[in-house]
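Structure record follows, encoded as structure tokens.
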Amino acid sequence: DADKPATVQNFLSYVRSGSYTNMIMHRVATNWVAQGGGIWVANRGTPSNALASIPTFSSITNEFKVGRFYSNIYGTIAMAKTSDPNSATSQFFFNF
């Protein structure tokens with residue numbers, strides 16, 4: 001959290017708010033990445049279960065050049081973004 005404070009705080013905010021409860025990993029690619037944080041199962045365990053988008057907080061500033069450099073090293077976690085470098089919200093991925 002010392003190297004990427006906004007990123008860590010953002011991820012922990014989603015965890016602490018319960019936003020990741022019943023979340024699914026919606027993209028898993030062998031020897032590359034596992035991505036989650038965008039979709040959860042609503043009404044889990046009932047006949048009316050459905051996939052739903054996780055509500056998002058404000059996007060965060062990209063911390064690529066803040067602290068130590070970790071560019072997609074095995075075992076790291078990062079926030080997913082669009083082509084806008086400052087667009088990360090709830091989606092994250094593990095590198096492997």
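Keeping all protein chains in the complex and leaving out DNA, RNA and ligands, what accessible area do you get for V28 with a 1.4 Å probe, in Å² to the nearest 10?
V28 has an accessible surface of roughly 100 Å² with all protein chains in place.
Starting from the Cα of A2, step 7 Å along the direction of its Cβ; do the same at V28; then give the gap between the two resulting points in nm.
In this crude spin-label approximation the distance works out to 3.5 nm.
Could you give the nm distance between label points at S58 and Q9, where each point is 7 Å from its Cα heading toward the beta carbon?
1.0 nm
Pick out, in residue order, every one of the trypsin sites (Lys or Arg not before Pro) in segment 10-96 that is DSSP loop and has at most 13 other C-beta atoms within 10 Å; say none if there are none.
Those satisfying the criteria are R44, K65, R68.
With +1 assigned to the C-beta of every Lys and Arg and -1 to the C-beta of every Asp and Glu, and no other charges, what is the dipole magnitude of the chain about the Cα centre in debye, to the nearest 20?
100 debye
Which translational diffusion coefficient, to the nearest whole µm²/s, is obtained for the chain from the Stokes-Einstein equation, given a Kirkwood hydrodynamic radius over C-alpha pairs, 25 °C and 0.890 mPa s?
Here the translational diffusion coefficient equals 173 µm²/s.
What is the set of long-range amide H partners of N22 at a cut-off below 5 Å, with H atoms built 1.01 Å from backbone N?
For N22, no residues qualify.
Could you derive backbone 3J(HN,Hα) for segment 25-35 from the dihedral phi with the Karplus parameters 6.51, -1.76 and 1.60 (θ = phi - 60°), listing whole Hz in sequence and x where the residue is Gly or Pro?
Those phi angles translate into 8, 8, 9, 10, 10, 3, 6, 9, 7, 10, 10 Hz.
Would you mind calculating the gained length between K65 and A50 on full extension (0.36 nm times residue separation, minus the Cα-Cα distance), in nm to one decimal?
Length difference between fully extended and current span is 1.5 nm.
Going by alpha carbons, how many degrees (0 to 90, nearest 10) lie between the helix axis of 5-17 and the longest principal axis of the chain?
The angle comes out at about 20 degrees.
For the chain, what is the relative contact order in percent, using Cα pairs closer than 8 Å and at least 6 residues apart in sequence?
Relative contact order of the chain: 29 percent.
If I model a spin label as a point 7 Å beyond the Cα along the Cα-Cβ vector, how far apart are those points for F94 and S17 in nm?
According to this spin-label approximation, the distance is 2.3 nm.
Can you compute the helix-only [θ] at 222 nm over the chain? Use -39500 (n - 2.57) per DSSP H run of at least 4 residues, normalise by all residues, nearest 500 deg cm²/dmol.
After summing the helix terms and dividing by the residues of the chain, the value is -4500 deg cm²/dmol.
Please list 3J(HN,Hα) in residue order for segment 82-96, calculated via the Karplus relation 6.51 cos²θ - 1.76 cosθ + 1.60 where θ = phi - 60°; whole Hz, with x for glycine and proline.
My calculation for segment 82-96 gives 8, 5, 7, x, 10, 10, 5, 10, 8, 7, 9, 8, 9, 8, 8 Hz in order.
The values are calculated or read from the model by the stated rules, or taken from the named source; none is laboratory data. This is a predicted model, so every value here is computed, not measured. Here Cβ is always computed from backbone atoms with ideal geometry, including for glycine, and neighbour counts include all displayed protein chains. We work out accessible area using only protein heavy atoms, side chains counted, and drop any ligands, DNA or RNA first. Shrake-Rupley method; radii C 1.70, N 1.55, O 1.52, S 1.80 Å.
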